[in-house]
Structure formats: structure tokens, C-alpha cells
Amino acid sequence: MLDTGIPIPSVGRTYSSNRHIRLSDMDPQGRLRLDAVARFLQDVAIDDVQATGWGMPAHLWFVRRIRLDVLQPFLEDREVELTTWCSGVAAIAAGRRWSMAGDRGGRIEVDSVWIHLDADANPARIEDFGVYAEAAGGRPVSTKLDLPDPPSGADRIPWALRAADVDLHGHLNNAVYWQAVEELLPLLGVDPRRPLRGELDYRRPIDLGEAIELAPFDDDGAGVLAIVANGSEVRAVARLGR
């Protein structure tokens with residue numbers, strides 16, 4: 001289970017960095033958008049693994065599951081401090097936690113699971129977590145996905161992909177999935193200016209040129225969004241609630 005309550009470890013490696021919140025990161029009311037949050041998280045994680053030698057080209061990391069607990073939305077904050085560390089271990093995966101604090105009281109806690117691939121993009125066992133092991137404290141993580149498929153009668157909304165959505169790996173970038181969430185916040189019944197929990201399961205990559213539809217639906221009072229490719233293939237599912 002993803003756990004955003006895991007505290008910053010007192011021993012083991014942590015990595016911290018600051019980011020300025022720019023105009024392109026904010027909605028029209030000045031709130032830090034969820035896709036900008038995802039981009040900050042991704043960038044800091046990459047900085048961390050590149051600094052330790054656990055990044056490209058020898059190691060590739062693809063997010064499998066993520067949970068964002070927006071405890072205090074970033075409404076007037078213009079700078080954020082991020083601290084990240086390894087929150088768990090598995091044979092071919094690892095957990096990564098982030099803690100985000102804004103200069104005006106914003107606070108977001110995040111936990112996630114990432115699949116480990118080798119330089120040829122094949123799943124690769126991790127025999128020794130090296131500098132990351134101590135912070136993880138032996139906590140296990142699972143790559144199992146939890147979020148539901150859309151019901152057969154769920155509405156479908158076409159969603160156009162852009163060339164700028166695709167990154168170096170040739171697939172839709174992680175942060176772009178949260179742009180779809182931002183697009184449908186009103187339909188999902190979510191007020192992003194209040195505390196919320198956002199979860200996203202990444203099932204399979206999305207490529208430029210695929211026909212993508214967004215399928216919003218309700219799941220026991222939570223707003224859920226499935227991202228569907230080519231009419232029937234659920235590639236990702238997000239759930240948002242209080």
C-alpha cells in the first residue's frame with residue numbers, strides 16, 4: 001500500500017532541491033497545477049538518481065503507481081522545497097517518497113512505486129540497493145495496481161495528443177497524464193483549491209498517434225478518470241477524492 005505518512009528518514013540518503021513556481025505551472029487563479037507537481041517530482045527524482053549513478057543510461061525507471069496527498073494546496077506559494085528518498089524495495093521495483101513544502105504554507109506528501117529496467121528497457125532485478133537501502137528500511141513495495149476499470153456505459157471524451165507530450169523515451173510523459181486530470185476536474189466533482197488525494201495507476205505507455213479517450217466515472221463517491229486508447233485499452237486510471 002502506498003503510504004504518504006512515511007516520515008523523512010533520520011538515516012540513509014535523502015535528496016533535497018528547490019523549485020520556483022512559474023507562470024506556466026499555475027492555473028488562472030494562481031494554484032500550482034497537478035501536472036506541474038508531477039513534473040517537479042519527476043525532475044527531482046531524476047536529479048537524485050543521476051547524482052548517484054542509478055540513472056540513465058544504465059538504469060531506467062518508469063512510474064507504476066503514485067499517490068499525491070495535497071494536505072494544503074499551493075495557492076499563493078511561489079517557491080517549493082522538495083525532499084525525496086527511497087521508501088521501499090522489491091525485486092524489480094522501488095518505492096520513492098517526496099515531501100513538498102511551499103513558502104506560503106502549501107504542503108503535498110507523495111509516495112510511489114517505480115519499475116526498474118536495464119539499458120535495453122527490459123525489467124531488471126535489483127540485487128543491491130546501495131546508497132538507497134538504508135532509507136528504505138527494508139519496507140516492501142508492490143507493483144500491483146488497485147484502481148478500477150471504467151463501467152461499460154461510461155461517457156467518452158476525445159483527448160488529442162501533441163508532439164510536445166512525448167519525451168525522450170518515446171511515450172507520453174508521466175506529467176501529461178495529470179493534464180488529463182486537470183482537464184476534467186469539474187466533471188470529477190473535485191475542487192482543487194481544497195485538500196485532496198490523487199492516485200494514478202500507469203498500466204501501459206501511450207504513444208503519439210493513438211486515439212485517446214477520457215472516461216470519467218464515480219467510484220463510491222470518488223471521481224475516477226480512465227485514459228483509454230484505441231477504443232478499449234485502459235492505459236491509466238486516476239482517482240481523486242477528499
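The values are calculated or read from the model by the stated rules, or taken from the named source; none is laboratory data. Every value quoted in this text rests on a predicted model; they were computed, and no experiment measured them. Backbone-built Cβ (ideal geometry, glycine too); neighbour counts: all protein chains shown. Surface accessibility is based on the protein's heavy atoms, side chains included, excluding ligands, DNA and RNA. Shrake-Rupley method; radii C 1.70, N 1.55, O 1.52, S 1.80 Å.
Taken together, the residues in the range 11-45 that are open to solvent by 50 Å² or more (accessible area, probe 1.4 Å) and more than 22 Å from residue 182 (Cβ to Cβ) amount to 6.
For the range 63-85, indicate whether the set of residues that are open to solvent by 10 Å² or more (accessible area, probe 1.4 Å), under 20 Å from residue 143 (Cβ atoms), free of Cβ contacts under 8 Å to residues at least 60 places away in the same chain and within 18 Å of the chain's Cα centre (by Cα) is non-empty. No, that holds for no residue. Being more than 17 Å from residue 15 (Cα to Cα) and without any contact (Cβ under 8 Å) to a residue 24 or more places away in the chain is true of residue 152. When the range 147-173 is filtered for residues that are polar (S, T, N, Q) and open to solvent by 40 Å² or more (accessible area, probe 1.4 Å), only 152 remains.
Counted as qualifying within the range 174-242 are the strands (runs of 3 or more DSSP E) with 2 or more residues that are open to solvent by 10 Å² or more (accessible area, probe 1.4 Å) and within 23 Å of residue 4 (Cβ to Cβ), namely 196-202, 233-241.
Within the range 91-113, the only residue that satisfies the criterion of being under 16 Å from residue 62 (Cβ atoms), of a type outside the set (Val, Ile, Thr) and open to solvent by 30 Å² or more (accessible area, probe 1.4 Å) is 91. Contact map, the range 8-28: residues that are over 19 Å from residue 39 (Cα atoms) paired with residues that are charged (D, E, K, R) and open to solvent by less than 50 Å² (accessible area, probe 1.4 Å), Cβ distance under 7 Å, separation 6+ or inter-chain. No pairs are found. Quick check: anything in the range 139-146 surrounded by 13 or more Cβ atoms within 10 Å (Cβ to Cβ) and polar (S, T, N, Q)? Yes - at least one qualifying residue is present in the range 139-146. Residues of the range 103-137 that are free of Cβ contacts under 8 Å to residues at least 60 places away in the same chain and either more than 24 Å from residue 202 (Cβ to Cβ) or not hydrophobic (A, V, I, L, M, F, W, C) (or both): 103, 104, 105, 107, 116, 120, 122, 123, 125, 127, 128.
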